[in-house]
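Everything below concerns the one structure shown next.
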């Protein structure tokens, strides 16, 4: 009568293969999470820029977004940068902090090409707060290696 069983070498080989596959899957999940956080941050910022533009057109007064790249924060304001509007969802000052929000963990942005202020007039045209944008402006978001660029079109203020 013969006993059928696995040898120690066979068990070690199976464990080694499972370990290698686990590491590969974990790395793939981690990189997917990084790009997901970046996409969520990109669309949040695009939506908030649209919101500031819509407020400017509907209320017929200047509204904008003030950026602070050093702390990875931005705020939506009305008429001047010290008058932060209320976030309609939270009913608190409309300031977004990428560093403290788990949805955007690890996401940072560089100084926008138009300066740290993007303002819209009553027609929705973009400026740097004093003069209309002379060329399309960009903001670059990054989370490690992956990055995303948001472009604000001069004259129209179209955000893409």
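Which of the residues belonging to the range 139-160 are outside any loop (DSSP other than H, G, I, E, B) and either surrounded by fewer than 16 Cβ atoms within 10 Å (Cβ to Cβ) or under 13 Å from the mean Cα position of the chain (by Cα) (or both)? Matches in the range 139-160: 139, 140, 141, 142, 147, 148, 149, 150, 151.
For the range 103-123, the condition holds for at least one residue, the condition being that it is assigned to a helix (DSSP H, G or I) and at pLDDT below 90.
Checking each residue in the range 84-102 for being in contact (Cβ under 8 Å) with a residue 24 or more places away in the chain and assigned to a loop (DSSP other than H, G, I, E, B) picks out 85, 94, 98, 99. Taking residues in the range 50-66 that are crowded, with 24+ Cβ neighbours inside 10 Å, and partners anywhere that are assigned to a helix (DSSP H, G or I) and modelled with pLDDT of 95 or more, the pairs with Cβ atoms closer than 7 Å and at least 6 places apart or on different chains are 63/52; 63/55; 63/56; 64/52; 65/48; 65/49; 65/52.
The values are calculated or read from the model by the stated rules, or taken from the named source; none is laboratory data. In this text, all values refer to a predicted model and were calculated from it rather than measured experimentally. When we count neighbours, we look across all protein chains shown, and the Cβ atoms used for this are built from the backbone with ideal geometry, even at glycine.
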